[in-house]
Amino acid sequence: MTQPATLGAIALHGVDIHFGEGKTAVQALSGIDLKIEPGEFVSILGPSGCGKSTIIGALAGFTKISSGELRVDAERVTAPGPERGVVFQQHTLFPWKTVAKNVEFGLKMRGIGKAERERKARDILCSMGLSEFLAHYPHQLSGGMQQRVNLARVLVNRPRVILMDEPFCSLDAQTRLQMQELLLSLWHELHMTVVFVTHEVDEALFLSDRVIVLTQRPARIKTEISIELPRPRTRDLLTSPEFVALKRQTLELLLGDALEPAKHSQSAAHSH
Amino acid sequence: MESAVQGAVAPGASANATALSALSADEAALTNSPARASNVGFSQRLRSLIIGALSIALWLGLWQLASVHKWNFFFRFENIPAPSEVLAAFGELYGAPKFAAHVGNSVRRIFLGFSLASGLSVVLGLLIGRFRLAAQSLFPPLEILRPIPAVAWIPLAILLFASAEQSMVFITFIGAFFPILLSTVHGVEGIDRRLVYASLTLGAGPLDVFREVILPGALPSIVTGLSIGMGTSWFSLVTAEMISGQFGIGYYTWEAYTLQQYPKIVLGMITIGLLGMGSSFLIKWVGRRFMPWFKPDASAA
């Protein structure tokens, strides 16, 4: 049951992404080289608006890369696909579908019969403590419950890769921690690759095998940090000395970066 | 493979049993709240019903006084029938086949014109909202036609169609078409892009996106458009019937004026009001049936 994942390898090679043309063109990502092993949990950490989410868009297949190469399991990514599940920030459940129908959606798209998809949706929702809410509509649930349904909707399809774009950032601290622990246990059991975008240092360090730190826009990979903390991880880890030390080191990296653009814009102003 | 999924998910969840039970108080509160809300709603609804009825009674009383005493104070009430006269006229007409034929003709025209308009404008609106090419090619001509009131179409409609009947259905169609079209386009454009992305990453094809996301996502806006369109189609029909009609409640009202049967004018007006209100209620009711998930105040709560 704990055999290592063999699928879900991700490779980015010299990936650039820019939006628009001419004078209004904005470069979001610049020369991203990144290899992620099957079953690895990698966080992408960077300042707000740096282009973190653009990486998720590219991996998911709805943002076109401008140059370079992006492959998942040696296959070039050109369009969205169910083998790469995406969990967005919030409010992306279909408001017109019940909790159960939301979770069944991916199975329905694959042509799985009604009885089977109802059973699968019920099973996964029950296992996530949502058995009483199958017939509820999303707006009747709390934010934390909605994100659990969101996770279930993606996981029921057994994706090789799960892409998460600041999925817990709108939750209160207590619920967020519960969701982080839930995610870790699901990841441990289901052997999938996770790419987790966040601007929260604690969250990145707590969850990941590896944290990729991005620069300000256009985002480049500034550095990466291997997290050697033992697993399974629980909330106690958050207050341990090694975690605090790691956090200090990471914060220095991030804050050092935040000072740079001020210098850049000054020198740019002088040159004009 | 399937049992592996279940077996795999379950232990993970049991490890989080404490985390989940901590949320249960919150969940219980959420499930209870709708029942309490509807209790409060009942006494408030009763209260507003009583106030509404009292207000209508007050206005009717004033009108009765004004007509009986033939007040001529800016408004000339000397020729205006009193509510009691209107009621008498209503008693005479109740069940009269001719009056029923007037109402039946109008309802049939509304049904035809409104059905054609809603079918066509919802389809066009979905296409215009979703596809740039459709927006670029279809929207400009429609934008030129849109500001023309349905009433202004009447002379041309008489020339365009062989019978007065067809031209009146056409006017009804025109009245309903644009409000529904605009609301539909607006509804499609207002759909959260991430819902489309979410459906794509879950394996939806282009047709699935249309059926599962675009159509339900635009539905609240479409229903609003239908309800506005129903109002404008009645407005247009009554005008068309007054100008070129034979039978129909608009024709009846205008005929009453030319024959100086004044209570019948008011009777016609009230009938138009009731028909409009009834059809609008019907649309809201159908809308609620199709959208049990839709709560207009959900974002506020």
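Bear in mind these aren't lab numbers, they're just calculated from the coordinates by the rules spelled out. Keep in mind that what you see is a predicted model, and the values were worked out from it rather than measured. Cβ coordinates were reconstructed from backbone atoms using ideal geometry, including for glycine residues, and neighbour counts include every protein chain displayed.
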Whole-Å distance linking the alpha carbon centroid of region B:85-133 with that of region A:206-234 is 64 Å
Give me a single rounded figure for A:183-192: the average over its residues of other chain Cβ atoms within 10 Å of their Cβ. 4
Counting Lys +1, Arg +1, Asp -1, Glu -1, what net charge surrounds B:R130 among other residues with beta carbon under 13 Å of its beta carbon? +2
Could you work out how much longer the chain between B:R193 and B:K98 gets when fully extended? Use 0.36 nm per residue separation minus the Cα distance between them, nm to one decimal. 28.8 nm
Compare the Cα positions of B:I191, B:A204, B:G287 along the charge dipole of region B:82-290 (+1 at Cβ of Lys, Arg; -1 at Cβ of Asp, Glu; about the Cα centre) and return the one farthest towards the positive end. B:A204
How large is the charge dipole for region B:142-261, taken about the Cα centre, if only the Cβ atoms of Lys, Arg (+1) and Asp, Glu (-1) carry charge, to the nearest 20 debye? 220 debye
Per-residue average of other protein chain Cβ atoms inside 10 Å, peptide A:119-130 -> 4
Pop the C-beta distance of B:L58 and B:E143 into the FRET formula with R0 = 51 Å and round what comes out to the nearest 0.05. 0.70
Taking each residue in B:186-195, count the Cβ atoms of any other chain within 10 Å of its Cβ, then average. What number comes out? 2
In units of 2.2 N^0.38 Å, the Cα radius of gyration of the protein assembly as shown is 1.29
Among bridges DSSP assigns within chain A, what percent are antiparallel (round to 5)? 50 percent
Cα-Cα longer than 24 Å, checked against A:K222/A:K247; B:K264/B:K284; A:K97/A:K120, kept in input order, equals B:K264/B:K284
Amide hydrogen neighbours beyond the local backbone of A:T63, cut-off 5 Å, H modeled: A:A58
If you take every DSSP beta bridge whose two residues both sit in the protein assembly as shown, what share of them, in percent to the nearest 5, is antiparallel? 50 percent
Out of A:G143, A:T92, A:S131, whose Cα points farthest toward the positive end of the dipole of region A:86-158 (charges: +1 Lys, Arg; -1 Asp, Glu; placed on Cβ)? A:T92
At 7 Å along the Cα-to-beta-carbon direction for both B:V123 and B:S48, put a label point, then send me their distance in nm to one decimal. 3.8 nm
Along the Cα→Cβ direction, 7 angstrom out, place labels at A:H18 and B:K70. What is the inter-label distance in nm? 8.6 nm
Using a Förster radius of 25 Å, what is the FRET efficiency between B:A135 and B:M277 based on their Cβ-Cβ separation? Nearest 0.05, please. 0.10
Would you compute, from DSSP H runs of 4+ residues alone, the mean residue ellipticity of chain A at 222 nm, taking -39500 (n - 2.57) per run and dividing by the full residue count, rounded to the nearest 500? -12500 deg cm²/dmol
Rounded if a/c is under 1.5, else prolate if a/b beats b/c, else oblate: with a ≥ b ≥ c from the C-alpha gyration tensor eigenvalues square-rooted, which is region B:135-193? prolate
Extension length gain for A:L253 and A:V26 (0.36 nm per residue less Cα distance), in nm, is 79.2 nm
Within region B:65-86, which residues have the backbone N less than 15 Å from the label spot 7 Å out from B:Q260 along Cα→beta-carbon, could you tell me? B:78-81
